[in-house]
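What follows draws every value from the coordinates through simple rules; no lab data is involved. As the structure is a computational prediction, the values presented were derived from the model and not from experiment. Because the Cβ atoms are built from the backbone with ideal geometry, glycine has one as well, and the counts that use them run over all protein chains shown.
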Amino acid sequence: MIAVGVLLLLAVLGIIGSLGQVVGIIFGAVLLIMGLYVLLRFKLTGGAAKDALVGSMRRFGPGWSLQSDSYQVGVGEIRLDLTRAHIPEGEHRLALECFIGSISVVVPRVVALNARGHASLGSVAILGQKAEGIGRTLSVRSPDYGASTRRLVVDAEVALGEVKIEYGAWKEEE
């Protein structure tokens with residue numbers, strides 16, 4: 001932010017080129033920072049994709065079992081609907097990161113939740129509580145967390161976009 005302000009001030013004072021050149025410099029710097037972030041942050045893994053530079057990562061429907069895991073997307077979305085997944089007893093952890101885009105998690109009501117959402121610029125909504133703006137963090141823990149046999153810890157972060165974590169109906173087929 002400071003660098004952008006300095007560049008704009010220098011352009012207005014005529015010390016460096018036109019305002020159009022400054023906008024070009026800022027746009028180029030943003031693209032460079034995004035590219036470096038993606039290259040340094042995301043690892044390439046074999047097997048099932050849990051990291052994507054661009055695109056959508058979705059898990060829903062029956063036939064999969066929740067495990068502690070991490071999902072990362074550079075630009076796009078992460079959508080996890082756990083309402084039809086098999087969720088074994090115990091504590092499970094999900095680490096979710098999206099640089100630009102959205103993260104959405106639907107958790108069955110039979111699972112106790114301890115969730116933290118952060119948006120550098122955007123919104124965070126967890127179980128009906130909402131925070132919007134710059135550098136917003138929201139933490140919510142269900143009252144029955146300690147006594148529950150099925151527990152989920154979610155840590156969701158987005159640089160620009162939204163985080164939404166909500167309860168849905170339990171639909172597991174046993």
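Suppose every K and R has +1 on its Cβ and every D and E has -1 on its Cβ; what is the size of the dipole of the range 101-173 about the Cα centre, in Debye to the nearest 20?
Dipole size: approximately 160 debye.
Applying a 10 Å radius around every beta-carbon, put 139-146, 67-74 in order of their mean neighbour count, most first.
67-74, 139-146
Between GLU166 and TRP64, what is the spin-label point distance in nm, taking each point 7 Å from the Cα along the Cα→C-beta axis?
About 2.0 nm separates the two model spin labels.
By DSSP, what percent of the beta bridges with both residues in the range 51-168 are antiparallel, rounded to the nearest 5?
The answer is about 20 percent antiparallel.
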